[in-house]
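Okay, so here's the structure we're looking at.
The values are calculated or read from the model by the stated rules, or taken from the named source; none is laboratory data. All values reported here derive from a predicted model rather than from experimental measurement. Every residue, glycine among them, receives a Cβ derived from its backbone with ideal geometry; neighbour counts consider all protein chains shown. Remember, those area values only see protein heavy atoms, side chains included, never the ligands or the DNA or RNA. Shrake-Rupley method; radii C 1.70, N 1.55, O 1.52, S 1.80 Å.
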Amino acid sequence: MNAEIILSAVVAVATVAYTIVNILMYRESKATRNQKLKPEIVPYLKSTATHDVLCLYIKNVGEGCAKNVHLTLLNDYNCFGKIEFPLSKFPIFNEGVNVFPSGYELHYYIDYWSTIKEKHMDDYLELEISFTDIKGGQFDKNHYMLKFSQIMSNYSTPPDTTEEQVAYYLKMISKSLEKQKK
C-alpha cells in the first residue's frame, strides 16, 4: 500500500510538471508566432557613403508586414535649405504608405553636412509613426526625436559595405588627385 501511494504521488508530480512545461512551451510558441507577424517601423539618421549628406531612413525592422503606415512630422526641416522642399511635402508624410513589408526601407536626403555644421547643428527631426499589422491590430503612435548632432560622427571609416566603400574610396582618390595638382 505504501508503494502505491508513493507511486501515485510521483505520477501526480510528474503530471503537474508536464502540464507546467506544456503551458510554458505554448506561451513561448504563441509569442514567437506573434513576433513573426509584428512589424516595427523605425526612423533613423545616417550619412551617405561619402559622408557628405545626411539622410532620414524609415525602415521596417520587424518580421511582419505593416499596413496603413502614417508618419507625422512634429518638427519639419527644409531639405537643402530650400523653403519649397520641406520634408513634410514628401508623400509618406502626407498620404502614408498602404503596405510596408519587412525589411523595406525608404530614405530622404536632408542636407549637406557642411551646411548642417555651419547653421543647423542643434536642429532635429521629431516625428510620430503609427501603423497596423497584417491582421489589422493597431499599434500606438511611437514618438522619435532624431538630433543631427548625435549622428554627426557615428559612422565607420571606411564604410562597412562594399557598395559604400566604392564611393568612399573614389572620394579619397579625388581628394588625393586634387592635392597632387596643387
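Some notes on this structure:
- Thr72-Ile6 FRET efficiency (beta carbon distance; Förster radius 45 Å; 0.05 resolution): 0.10
- Using the 1.4 Å probe convention, the accessible area of region 40-163 works out to 56 Å² per residue with neighbouring protein chains retained.
- By accessible area with a 1.4 Å probe, ligands and nucleic acids excluded, highest first: order of His143, His51: His143, His51
- Measuring between alpha carbons in the structure, the pairs from Lys89/Lys141; Lys82/Lys141; Lys46/Lys171; Lys46/Lys182 lying more than 27 angstrom apart are Lys82/Lys141; Lys46/Lys182.
- For the chain, diffusion coefficient by Stokes-Einstein and Kirkwood Rh (Cα), 37 °C, 0.692 mPa s, µm²/s: 161 µm²/s
- Helix-only mean residue ellipticity at 222 nm for the chain, each DSSP H run of n ≥ 4 adding -39500 (n - 2.57), per residue, nearest 500: -12500 deg cm²/dmol
- Rg and Dmax of region 24-72, both derived from C-alpha coordinates alone, stand at 16.0, 51 Å.
- Region 77-151: equivalent-ellipsoid semi-axes (sqrt of 5 x gyration tensor eigenvalues, Cα, Å): 28, 14, 11
- The angle between the Cα long axis of helix 2-37 and the longest principal axis of the Cα atoms of the chain comes to about 20 degrees, rounded to the nearest 10.
- A simple spin-label model places pseudo-atoms 7 Å from Cα toward Cβ; at Thr32 and Met172 they are separated by 4.4 nm.
- Spin-label pair Phe85/Glu105, simplified geometry with 7 Å Cα→Cβ offset, distance in nm: 2.1 nm
- For region 81-105 and region 30-53, distance of Cα centres in Å: 16 Å
- Tyr124 contributes about 70 Å² of solvent-accessible surface, heavy atoms of the protein only, 1.4 Å probe.
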